[in-house]
Structure formats: structure tokens, C-alpha cells
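These notes are about the structure you will find just below.
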Amino acid sequence: MIYEETYHHLLRNASSTEFDTCLYALLHSDWDGVIQSPLHRMARGVGTTEKYLRQIIREFTAPQGSLPKVFVPVHQDGELLYKFNLGPASILGFNKKTDRYCKKYRFFYSDAFKGLSILGKRLLLMAAFRMSVSKSEEVMFDYSEIVPDGRSLFTRKRLVNAIDAVHDALGYMVTITFASRTFSKKEVLVFTFNEGILEQYMENRAERTLLRKTIFNSGFLGHISDSVCMELERVGKYIYRSFLQEATSSSISTDIQQELQKLARFVYSHSLKKFAYALPANKHLLLAPKQASAYLSKVIYNETLEQMAKYAHQAASIKSLLDREHFHRDISEKALGRNVKDWEVAAHIEPILQKHHQADFIRRVLNDWCEKWLISRVKKVPESEGKRKVPNDDGQTASEYMTSIRNDTFGELDKLMAKIRKYGSHAIAPAARNAALAHKKNSLQAFFTIQKERLAPASIPNY
């Protein structure tokens with residue numbers, strides 16, 4: 001989508017080729033806004049030379065005064081790419097009910113549109129944005145909206161020239177006419193698009209390209225069909241949105257939100273790599289999209305559980321440091337060369353407190369996600385039907401299915417606890433390093449006990 005922030009930038013701050021560069025970036029950005037396209041392909045898509053595109057990128061990545069940078073360099077799998085930095089990423093921060101946007105209409109990417117002057121492009125963007133918001137293929141502007149005064153982008157002459165240029169290039173799909181309002185007699189400009197233009201927009205396939213690239217680079221050279229990709233993407237979207245749901249609804253720092261977004265990408269990408277490693281022995285998944293997504297979901301659960309353990313241990317390590325009050329007081333007194341007051345010690349440990357808050361908040365988000373995942377799987381098991389088959393589960397009985405979930409979860413927890421005992425922070429006593437995971441394991445044991453009782457066949461009373 002072309003969100004309002006991008007829309008206003010294109011109207012005020014972009015040259016003709018920069019305009020096309022931004023539109024190309026929107027069509028080829030993944031969920032994080034990273035443009036998944038090498039420069040030579042990007043230059044060809046924009047309709048310019050690679051040399052001139054590099055010049056545009058240098059300007060886009062340079063400080064823009066009070067304006068945000070248009071592009072931000074990012075390194076992804078050893079490759080230098082660029083993140084489109086205007087407006088929210090495609091999977092985040094968008095409210096369908098309140099946020100206004102323009103669809104990426106097909107004509108934006110036509111040679112005829114690319115050949116227009118910047119004024120012609122701005123005029124059509126204004127009309128397309130209003131068409132997208134109003135969902136009407138006929139839109140109207142008061143003349144004063146386009147030419148408000150002598151300092152505006154348009155003068156009467158420039159407007160007429162832009163209209164003529166649009167008619168010459170794209171007159172087969174849009175007509176622009178001057179008219180006047182019936183009662184006020186104010187002059188207006190009417191854009192009439194052909195019927196059906198509203199639904200003629202481009203779909204962003206950058207995330208799918210990245211999915212296939214990740215699996216290919218992980219060693220699986222077979223084709224992944226669109227139907228399988230769509231199911232895998234659905235799982236990935238769920239990861240992003242569920243990780244960030246609590247973050248966006250809470251008054252937390254931007255740093256934590258960004259950390260959760262990076263973590264969502266890491267969990268999804270790392271799980272896709274593990275999925276790729278398993279494909280040679282599970283090629284049936286390529287013919288069963290739902291089974292493929294279920295398999296990936298299980299891999300993601302194990303990966304999220306591991307990340308939760310890491311953040312739990314990190315939070316515990318930072319907490320052990322915070323509890324050493326005399327240590328912080330000694331550091332503060334050595335730094336200031338005098339006795340210090342309590343508030344000065346508090347100021348010294350404030351950054352450490354923030355680190356602890358971040359680690360503990362992310363731990364809770366990941367822990368909640370893991371619990372919800374388990375509950376959703378357990379809900380598949382029918383009540384009081386221990387002998388029934390669980391649908392779509394290769395003939396497993398409900399009891400066997402529940403036991404497999406329990407054993408898999410406890411197996412992962414035991415492996416993580418062994419790692420932390422061996423490699424965990426020495427600031428925490430070995431016996432206490434796994435306190436959070438041990439508590440989780442106990443609570444899960446109680447949960448599975450309850451579920452086992454639920455599945456037990458009802459006893460027959462004696463008469």
C-alpha cells in the first residue's frame with residue numbers, strides 16, 4: 001500500500017525517477033520493508049541506469065534535514081540491501097478502519113506512466129489516492145485544492161499541461177475535465193477512471209521470493225508451489241502479529257518493539273531453514289499445504305521455546321546484577337570520588353533496569369505465545385474420546401497425540417535446561433539457573449495431567 005506518509009513525500013519531495021523508485025520499492029519490499037531486489041534488477045524495473053539509481057540511493061540514504069531517510073542500508077545474509085523507510089512496514093502498524101492508503105495500481109508501473117513529467121505523476125497519484133479511499137472510480141477536487149496559491153506545485157498553466165500529458169499517455173483509462181459545482185459555482189476538476197480500474201492493482205510478492213530463496217539457500221533445490229508458500233506465509237504472519245500484538249497495545253519503548261520485530265524475523269527465517277533441511281525426507285509436504293504449515297508451526301514452536309529460554313536466562317542474569325546493591329554503590333562512589341546518595345545509585349542502575357525490563361517483557365511475550373500454541377493444539381483433541389482418531393493426524397488416537405505433544409515439549413525443555421546448566425551465566429548459581437524453565441515445566445505437567453483426565457473414558461457406575 002501507498003500510505004499517507006509515502007503519499008505526501010511523493011507529492012512534495014520526489015523527482016520523476018525518484019517517484020518511480022519509491023513505487024518500485026513498495027512493490028518489492030518484504031514484511032520488514034527490506035527491498036528484495038538487486039540493484040541491476042531494480043534499475044531495470046524503475047526504467048533507469050544502474051549508475052543513476054546508485055546516485056538516487058546515495059541521496060535517499062543521506063540525512064534529509066527534518067525528513068526521515070527514504071532508504072536505510074541493511075545487511076541480510078551477507079548481502080547489502082535497503083529498507084524503505086517511509087510509512088509502516090507492510091505487516092505492521094496498519095489499521096484498516098482508520099488508516100488511509102492508495103493501492104499500487106497497475107498503471108503506476110506502466111511505461112506510459114513512467115514517461116510522464118513529475119507534475120503528471122503527482123496529479124494522477126492525487127486522483128488515485130482519493131479513488132482508493134472513496135472506492136469510487138470518479139473523483140473530484142476543488143480547483144483550490146490543486147492550485148491554492150502562487151506558491152503551490154501547480155499553476156494554471158502547469159496544471160493544463162499536466163492534464164494534456166496524462167490524456168496523451170493514459171487517456172485510454174482516465175479522463176480529466178474542468179467543471180463547476182451546481183450551487184457554489186466553484187471550479188472543480190473531475191477524474192473519471194475506466195470501470196474496473198479500482199481492482200487492477202499489483203500484488204507484492206517479495207516475501208514469497210524471500211521464502212523460496214531461504215529454502216533454496218538452505219540446500220533444498222525443489223520447487224515450492226504457490227499453495228504451499230501461501231500456507232507457510234500464513235504461519236509467518238501469525239508469528240509477526242502475535243509477537244507484536246502485546247507490544248503495540250502496551251506503552252513500551254520503540255526499542256522493545258524493534259527487538260520483537262527482529263526476533264519475529266529470526267524465528268520465522270530460522271524455522272524455514274530447518275523446514276528446508278527436513279524436506280528431502282518429507283517430500284509429501286510439498287503436496288499437502290496444510291500439513292506443510294503444521295510442520296513449520298511445530299518447528300517455530302520449538303524455536304520460540306528456545307528463544308524464550310534465552311531471554312528468561314538473560315533476565316535472570318541481569319536481575320542477579322541488579323541485586324548487588326553494594327557493588328553499584330562502590331562503582332558510583334569511585335566514579336564520583338565521594339559518598340553517594342540513593343538517588344545517584346538509582347541513576348547509575350537505570351540503564352540496567354531498562355535492559356532487565358526489555359528481556360523480561362520479551363520473555364513474557366514468547367512464553368504467552370508458547371502457551372497459546374499448546375492450548376490450540378490440545379483443543380484439537382476431542383473430549384472423552386480417548387479411542388477416537390484425531391483428524392488429519394495420520395491415525396493417531398487422541399491419547400497418543402496428547403502424549404506426543406507432552407513428550408516433545410518436555411524433551412525440548414530438558415535439552416534447553418541442560419544447555420543453560422552447562423553454558424549459563426556464572427553470576428547465577430547452577431541450581432538456580434533454570435528456575436524459570438523448571439517453573440514452566442511444573443505448570444505444564446499440571447496442565448497435561450488435567451488434559452489426560454479430560455481424555456479418560458467416563459467410568460461406568462455400579463448398580
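The values are calculated or read from the model by the stated rules, or taken from the named source; none is laboratory data. Everything numeric in this text was worked out from a predicted model, so none of it was measured. Here the Cβ is made from the backbone with ideal geometry for all residues, glycine too, and neighbour counts use every protein chain on show. Accessible surface areas use protein heavy atoms only, side chains included; no ligands, DNA or RNA. Shrake-Rupley method; radii C 1.70, N 1.55, O 1.52, S 1.80 Å.
Extension gain for the segment residue 357 to residue 156, taken as residue separation times 0.36 nm less the Cα-Cα distance, is 66.6 nm to one decimal. Rounded, prolate or oblate: pick one for the range 254-326, where a ≥ b ≥ c are the square roots of the eigenvalues of its C-alpha gyration tensor, a/c under 1.5 means rounded, and failing that, prolate if a/b is larger than b/c, else oblate. Verdict is prolate for the range 254-326.
Enumerate the residues in the range 184-205 having an amide nitrogen under 15 Å from the point lying 7 Å beyond the Cα of residue 4 toward its Cβ. What the label zone holds, given the 15 Å backbone N cut-off, is no residue at all.
Compared with the alpha-carbon gap, the fully stretched path from residue 453 to residue 192 is longer by 87.3 nm at 0.36 nm per residue.
Whole-Hz Karplus values for the range 117-132 come out as 5, 4, 5, x, 5, 5, 4, 5, 5, 4, 5, 5, 4, 5, 4, 5 Hz, taken residue by residue from phi with 6.51 cos²θ - 1.76 cosθ + 1.60 and θ = phi - 60°; glycine and proline positions read x.
Residue 312 sits among other residues whose Cβ lies under 11 Å from its own Cβ, and their net charge, with Lys and Arg +1 and Asp and Glu -1, is +4. Taking label points 7 Å from Cα along the Cα-to-Cβ direction, residue 322 and residue 168 give a separation of 6.8 nm.
Cross-link pairs exceeding 30 Å between alpha carbons, from the set 274/440; 114/262; 114/290; 355/422; 290/419: 114/262; 114/290; 290/419. With all protein chains in place and ligands, DNA and RNA left out, the 1.4 Å accessible area ranks 83, 355, 262 as 262, 355, 83, largest first. Each of residue 209 and residue 266 was given a label point 7 Å from its Cα along the Cα-to-Cβ line. The distance between the two points is 2.7 nm. The gain in end-to-end length when the residue 200 to residue 133 segment is fully stretched comes to 22.6 nm, 0.36 nm per residue minus the alpha carbon separation. Over all other residues within a Cβ to Cβ distance under 9 Å of residue 187, the charged ones net out to +2, with Lys and Arg as +1 and Asp and Glu as -1.
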